[in-house]
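A quick write-up on the structure given underneath.
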Amino acid sequence: MLALAAVNVVGVRPGARVTDALTLLKLAPLLLFVALGLAAVEPARFASFAPRGLGELPSLTLMTLFAYQGFEVVGIPSGEVKEPRRAVPRAVLLSLAFPAALYVLVQVVFVGVGGTATDAPLADAARRFMGPFGATLLACGGLVSMLGFNAGTALCTPRYLQALAEERLMPAWLGQIHARYATPAAAIAASAGVTLVLLQVLDFDRLVDLAALAVLLQYLASSAALVRLGRGWTRWLGVVAIVVSLFFGFQGRIEELVILALLTAVGLLIARLSRSGRTGP
């Protein structure tokens, strides 16, 4: 966390390059898994649809949402991007379409080669047709993937704080720009600090669910804005989006919803104090 914070303080370009490099490194094992695995797929393994039923499907929705989220942060650093009007919409659509296609293919190979639920399911599935080397490769890819996710989050999350500070919804010092590197250094340091605290008090599963629920709040706000500001069929699209978001949200545990509610209340209090000029210089 400290290393990623330091890279992003130095500049948005180094932070973006680190994220890009880690993304390419994590995609390589998955693409190899798909390319070699499709030849090893046994069609007979798909004969029984949902052999254990669909009872566990709702509880898996938050984890699935976590896997697909990320497209919503593409526009966050757009103020520091060349030709954002062209680049950002294209990046949003690609960040939805490409992972969706890749995840489907990975799942097809996983089921088709007889993959099972283990502590390292993709690595164990790769061992079936790629041997020990494949298992090691997928395991390393998983580690790089986690680091890549953290790198992307370290790049984008501080820009949320910066934008909120500029709108006087957070203390003004969070929006300060580094004199030399022209980056939101204070927001980057604050994000890294909060992350380090959360790592000490919450386990991985709880952090994943809270992250997904926090993103759902953004979806709900956007969907409500579509209902309020949209016209014709776009308003109904907003209503559908609200219903879907609530369905996902209700899959969270009560404790997680309570924690998120408390964090939201703290955020609203900080926003109120910031608007009244009672926080920071």
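Rule-based calculations on the coordinates, nothing more; no lab input. A quick note: this is a predicted structure, and the numbers were derived from the prediction, not measured. Every residue, glycine as well, gets a Cβ built from its backbone with ideal geometry; the counts of neighbours run over all protein chains shown.
Take the Cβ-Cβ distance between F250 and A47 as r, set R0 to 51 Å, and report the resulting FRET efficiency rounded to the nearest 0.05. If you can, show how the numbers build up before the last one.
Working: r = 33 Å, r/R0 = 0.65.
Working from the Cβ atoms, E equals 0.95.
Need the full-extension length gain, I270 to D119, defined as separation in residues times 0.36 nm minus the C-alpha distance. One decimal, nm. Let's see the in-between values first.
Details: separation 151, 0.36 × 151 = 54.36 nm, distance 4.08 nm.
Additional length available on full extension: 50.3 nm.
Could you state the principal axis extents of the C-alpha atoms in the chain, from the largest down, to the nearest angstrom?
So the extents along the principal axes, rounded to whole Å, are 66, 44, 41.
Stokes-Einstein diffusion coefficient for the stretch 48-121 at 4 °C in a medium of 1.567 mPa s, Rh from the Kirkwood formula over Cα pairs: what value in µm²/s?
On the way: Rh = 15.1 Å.
Roughly 86 µm²/s, to the nearest whole number.
Hey, what's the Kirkwood Rh for the stretch 203-281 if you take every pair of different alpha carbons, in angstrom? Present the calculation step by step, with values, prior to reporting the outcome.
On the way: mean 1/r = 0.0703 Å⁻¹.
One decimal place: 14.2 Å for the Kirkwood radius.
Cα-Cα pairs above 21 Å in the stretch 1-98: how many percent? Display every interim value, and only then the final one.
Details: 2781 of 4753 pairs.
It works out to 59 percent of all Cα pairs.
What is the angle, in °, between the Cα long axis of helix 254-275 and the longest principal axis of the Cα atoms in the chain? Nearest 10 is fine, range 0 to 90.
With rounding to tens, the tilt is 30 degrees.
Order by neighbour count: M63, M170, fewest other Cβ atoms within 10 Å first, most last. Display every interim value, and only then the final one.
On the way: M63 13, M170 24.
The most exposed by this proxy come first: M63, M170.
Note down the magnitude of the dipole of the stretch 2-201 about its Cα centre, charges +1 on Lys and Arg C-beta and -1 on Asp and Glu C-beta and zero elsewhere, to the nearest 20 debye. Mind dumping the intermediate values first?
On the way: 14 positive and 10 negative charges, 78 e Å.
The calculation lands at about 380 debye.
Can you put T183, T118, T136 in order of Cβ neighbours within 10 angstrom, beginning with the fewest?
T118, T136, T183
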